[in-house]
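In what follows, a single structure is set out as structure tokens and then discussed.
The values are calculated or read from the model by the stated rules, or taken from the named source; none is laboratory data. Just so it is clear, the model here is predicted, and its values are computed rather than measured. Every residue, glycine among them, receives a Cβ derived from its backbone with ideal geometry; neighbour counts consider all protein chains shown. Remember, those area values only see protein heavy atoms, side chains included, never the ligands or the DNA or RNA. Shrake-Rupley method; radii C 1.70, N 1.55, O 1.52, S 1.80 Å.
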Amino acid sequence: MDYKALVAETLNPAIDELDLDDIQNKIEVPKDGSKGDFAFPTFTLAKTRHQAPNQIAAAIAENIDDSQFASVEVAGPYINFFLKKDQAGSDFLKDVLSNPEYGHNTDGEAGHVTIDMSSPNIAKPMSMGHLRSTVIGNSLAEIADANGYQPIKINHLGDWGTQFGKLISAYKRWGSEDEVKADPINTLVKYYVRFHEEAEKDPSLNDEGRAWFKKLEDGDEEATRLWKWFREESLKEFMDIYDQLDIQFDSFNGEAFYNDKMDEVVDMLEDKDLLVESQGAEVVDLEDQGLNVAMIKRTDGATLYMTRDLAAAIFRKRNYNFVKSLYVVGAEQTEHFKQLKAILKKMGFEWADDIEHVPFGLITVNGKKLSTRSGRIVLLQDVLNDSVELAREQIDEKNPDLPNKDEVAHEVGVGAVVFHDLMNERVKSFDFKLEDVVRFEGDTGPYVQYTNARAQSLLRKAGNPTIDMNQLTISDDAVWDVEKLLADFPNVLKRAWREYEPSVVAKYALNLARAFNKYYANSKILQDDDELNARLALVTAVSQVLTESLRLLGVKAPVEM
Ligand code: ARG
């Protein structure tokens, strides 16, 4: 039952100047339930009617059939609609329980959406920024799917560039195979740092590094072998993290994949007369767009990050024919993606408009940034391990006999970090303290998980009964807030997609958990009376929607914890 549509249909005969869709789009859902379950503002009608909104509201209310509602009230310029709670509440529950995919829609018409996400750099530790990109991208992929799109998750690995020439040169000078194998990324970072230190004293090292990169670009056998090996070793470490997060990718085509696809891009740019020479380098002038020049080829002919991104964008359009192409990359690269779009536009690709940079802010942990060079390194792996450890301590305290403790501690610990990352608006920067993130109370992932586990435990205690869908009315008014939130879930998923904002889902899950806990604290759910079935239906529906919300965020929902 679509109650918003019912409100629109009720209003329709009294509002000649708007069609049904317009009316429906103007209907609001007041935050404060005392102002109705739906409200229609009359401001926009003042122009055509030459009347004050208050008068218009009163006149419309006079002329409608309010029999389908508990009441319809005029409040100044608003007409407020109050639903018949018994009927609506049980309709809401039926909607949830009769559809395992409740909340999903088909708006996307199976269109392809490529999502450039994670994309860490080979031979460097994965940073908090890459973690953000990974979890935001993964959640957006799920949210895209829930809105009827087909997501394609692409890990655009940073596996190409002059730094690999330097790394090869450093390895040739000071490297040891065993050392790399024992601790790949740390060792490679060590070589790289040493290279920079020594190059300060002896700048000819830089030429040697550049020469190695040139060899690599030209397909030299030794350079290629070493590069492949560094890439594989690094990827193994990244895979550990992806496994812990249970996140998969559809493609690992990183920057190197575009090595043989860049000549075409450069040719196209030349054909369109877009390349200009600047101090020996080839650049695209973007001044007319208010952007800096974008370098396409270095003086020595080597290609750049931008060149590879141009090739990648074109390849993705050809290969996946996307309707949207998202890049989940930190806000510090905003200019880069503006340039990318602008260049593609100049090349004549209208689909450049479908490219969307989805930026995000910085996270620090206990005030520290994760970084490669400084001594204050916080490793992502450590953050996850510590979080799992904290989760375990709490489980030991609350539920010492839990059978699959390790698994649950992992789901809660990792889930806590992921949830916390996603519950803040993407673009906001924030610091987090693990103790706050892993708590079972407050605005945390574990709180949502715990609420769901409590709901599951109630159902187990009740013997997991089959719900009778014909008796879903709960007379206790306290459930209304919960039922209304359940009814809002489909809108939440639409908004989360429209705004590319997983936090919309995370905040919703917190609200639903809070509303349910409030009801739960003041009522005897398992009491054996006429409404037991309906109350268990509510518990089932809440658990279903919490579980789905967590799934959309990439967080597990253990049934016991
Ligand atoms: N590897 C890059 C970095 O760590 C991110 C790549 C983002 N994706 C892209 N297509 N440029 O900064």
query = What residues qualify as long-range amide H neighbours of Phe432, i.e. H under 5 Å apart, gap of 5 or more or another chain, H built at 1.01 Å from N?
reply = Thr364, Val365, Asn366, Gly367
request  = Just flag the trypsin sites (Lys or Arg not before Pro) in the stretch 412-482 sitting in loop per DSSP whose Cβ has no more than 14 other Cβ atoms within 10 Å.
outcome  = Lys428, Lys433
key: Debye equation applied to the C-alpha atoms of the stretch 278-417, log10 I(q)/I(0) at 0.17, 0.20, 0.22 Å⁻¹   = -0.97, -1.13, -1.23
request  = At q = 0.19, 0.20, 0.30 Å⁻¹, what is the base-10 log of I(q)/I(0) for the stretch 510-561 according to the Debye formula with one equal point scatterer per Cα and no solvent? Please give it to two decimals.
outcome  = -0.72, -0.78, -1.21
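With a 1.4 Å probe and all protein chains left in place, how much accessible area per residue does the stretch 257-311 have, in Å²?
Heavy-atom SASA per residue in the stretch 257-311 reads 54 Å².
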message = Report the Rg/Rh value for the stretch 391-546, based on alpha-carbon coordinates and the Kirkwood definition of Rh.
response = 0.99
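How large a share of the accessible area of the stretch 494-561, in percent, is made up of carbon and sulfur atoms when the probe is 1.4 Å and the other protein chains stay in place?
Using a 1.4 Å probe with all protein chains present, the stretch 494-561 comes out at 49 percent carbon and sulfur.
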note = Out of Gly89, Leu340, Thr364 - ranked by how far each Cα lies towards the positive end of the dipole of the chain, with unit charges on the beta-carbon of charged residues - the top one is Thr364
ask   = Along the charge dipole of the chain, which of Leu422, Val555, Asn385 sits closest to the positive end, that is, farthest toward it, with unit charges on the beta carbon of Lys, Arg, Asp and Glu (+1, +1, -1, -1)?
value = Asn385
request  = Using a 1.4 Å probe over the heavy atoms of the protein chains, calculate the carbon and sulfur portion of the accessible area of the stretch 125-224 as a whole percent.
outcome  = 43
task = For the chain, give the magnitude of the charge dipole about the Cα centre (Cβ charges: +1 Lys/Arg, -1 Asp/Glu; no others), in debye to the nearest 20.
result = 920
remark   = Between the alpha carbon centres of the stretch 177-247 and the stretch 411-429 the gap in Å comes to 31
ask   = Can you pull the Rg over Rh of the stretch 1-130, Cα-only, Kirkwood?
value = 1.20
task = Taking a cut-off of 18 Å between Cα atoms, list the aspartates and glutamates near Lys338, but don't count ones fewer than 8 places away on the same chain.
result = Asp116, Asp285, Glu287, Asp288, Asp309, Glu350, Asp353, Asp354, Glu356
inquiry  = If you build the convex hull over the alpha carbons only and average its shadow over all orientations, what do you get for the chain? Give it in nm² to one decimal.
reply    = 31.4
ask   = Considering the dipole of the stretch 93-226 built from charges on the beta carbon (Lys and Arg +1, Asp and Glu -1) around the Cα centre, which of Ala141, Pro151, Ser204 is farthest to its positive end?
value = Ser204
request  = Please report, in Å, the Rg and the Dmax of the stretch 85-206, where both are computed over Cα atoms only.
outcome  = 24.3, 81
ask   = Which value results when the Cα radius of gyration for the stretch 252-305 is divided by 2.2 N^0.38 Å?
value = 1.19
ask   = Taking the alpha-carbon set of the stretch 469-524, what are its Rg and Dmax in Å?
value = 13.3, 39
key: Whole-angstrom gap from the stretch 440-478 to the stretch 537-556, using each part's C-alpha centre   = 10
